[in-house]
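Asks: Here's a structure for you.
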Amino acid sequence: MADWKKKRKQNTLELRDHNFLIFCEGEKTEPNYFEGFKTNIEKNPVYRKMVMVEILGLGKETLRVVEEAKEFVQKNKIRNSDIYCVFDKDSFPASDFNEAICCMNELNKNDKGVTYHAAWSNQCIELWFLLHFSYYQSNNDRTQYMEALNKEFKKFGFERYEKNNDSIFNILYQQGNPKNSVRFAKKLIEPYLGSGTNYADMAPATMVYELVEESSKYLPEEMKKHFVS
């Protein structure tokens, strides 16, 4: 986060061939997870000088995440980049959740080399985590997702699933099945595609898999095979 503040002050970013700017609703949980991709991409000698991944945990509600991303892109004159906004439906009003996604769709009508992606989860990012272990299709609240994750984590010797865990990427990668999580997420969203259903009514569902699919392309080969077919 300090690096981002420094770059904000300098009003510049060292953009590369492939740029991922990830704005997260949460301050720790989501940034910790995506930091795993950033760290391992930077270890890959093939792509580390070609790919930039920057992550910011905002600690702000759904609409503000999108607004912050838009302001950052405009202020820093960002070009040739993919902007991902990571947020949950959770208990936020359906109108705010729907508006945030629609706002990003509108932003994409401006052809300036920047593409916005809504990496949302309904209800929460824990659904994405849980899909690493099983195909979970019950539309529950965050508490029940936590309970299900606790059971999975205990199988591997952890006391429980904890938010803000800075090892969450490694745990899911080593103990779970990232390739299945992508497959399961696609299976959950498939019935809603082209149906005209409001985004807030698509549950359980998560679009985090799109960010994971794209960023995993630049992981070291040994890791990449665990994410993509």
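Asks: Treat every Asp and Glu Cβ in the range 68-185 as -1 and every Lys and Arg Cβ as +1, leave all other atoms uncharged, and give the resulting dipole magnitude about the Cα centre to the nearest 20 debye.
Replies: Values: 15 positive and 16 negative charges, 83 e Å.
Dipole about the Cα centre, nearest 20: 400 debye.
Asks: Determine, from the Cβ-Cβ distance of Phe156 and Arg79 and an R0 of 35 Å, the FRET efficiency 1/(1 + (r/R0)^6), rounded to the nearest 0.05.
Replies: Working: r = 43 Å, r/R0 = 1.23.
It comes to 0.25.
Asks: For the ranges 189-196, 85-92, 119-126, 168-175, what's the packing order if you count other beta-carbon atoms within 10 Å of each residue, average per peptide, and put the highest first? Walk me through the numbers before you get to the answer.
Replies: Numbers: 189-196: 10.6, 85-92: 22.1, 119-126: 23.9, 168-175: 17.2.
Averaged packing, sorted descending, gives the order 119-126, 85-92, 168-175, 189-196.
Asks: Starting from the Cα of Asp96, step 7 Å toward the Cβ, then list every residue of the range 121-142 with an amide N under 17 Å from that point.
Replies: Zone members listed by number: 121-125, 142.
Asks: Shifting gears a bit: When the chain is fully extended, how far beyond the present Cα-Cα distance does His226 get from Lys163, taking 0.36 nm per residue of separation? Show your work: numbers first, answer last.
Replies: Values: separation 63, 0.36 × 63 = 22.68 nm, distance 2.38 nm.
Answer, rounded to one decimal: 20.3 nm.
Asks: Treating the beta-carbon of each Lys and Arg as +1 and of each Asp and Glu as -1, no other charges, what is the dipole magnitude of the chain about its Cα centre, to the nearest 20 debye? Intermediate results must be reported in sequence, preceding the final value.
Replies: Working: 33 positive and 34 negative charges, 152 e Å.
Value, rounded to 20: 740 debye.
Asks: Using Cα centres only, tell me the gap between the range 188-229 and the range 108-181 in whole Å.
Replies: Comparing the Cα centres of the range 188-229 and the range 108-181, I get a distance of 11 Å.
Asks: What list of ³J(HN,Hα) couplings, whole Hz, do you get for the range 197-214 from phi and the Karplus terms 6.51, -1.76, 1.60, once you set θ to phi - 60° and write x for glycine and proline?
Replies: Coupling constants for the range 197-214: 5, 4, 4, 5, 9, 7, 8, x, 6, 8, 9, 4, 4, 5, 5, 5, 4, 5 Hz.
Asks: Would you work out which of Ile101, Tyr199, Asn80 lies farthest towards the positive end of the dipole of the chain, given +1 charges on the beta-carbon of Lys and Arg and -1 on that of Asp and Glu, about the Cα centre?
Replies: Asn80
Asks: Zone of Asn110 (label point 7 Å along Cα→Cβ, backbone N under 14 Å): which residues in the range 26-70?
Replies: 66-70
Asks: Evaluate the distance, in nm, between pseudo-label points positioned 7 Å from the Cα of Arg183 and of Glu61 along their respective Cα→Cβ axes.
Replies: 4.0
No value in this document is a laboratory result; all are computed from the given coordinates. Quick caveat: nothing in here was measured; it's all calculated off a predicted structure. For neighbour counting, all protein chains shown are included, and Cβ atoms are generated from backbone atoms with ideal geometry for every residue, glycine included.
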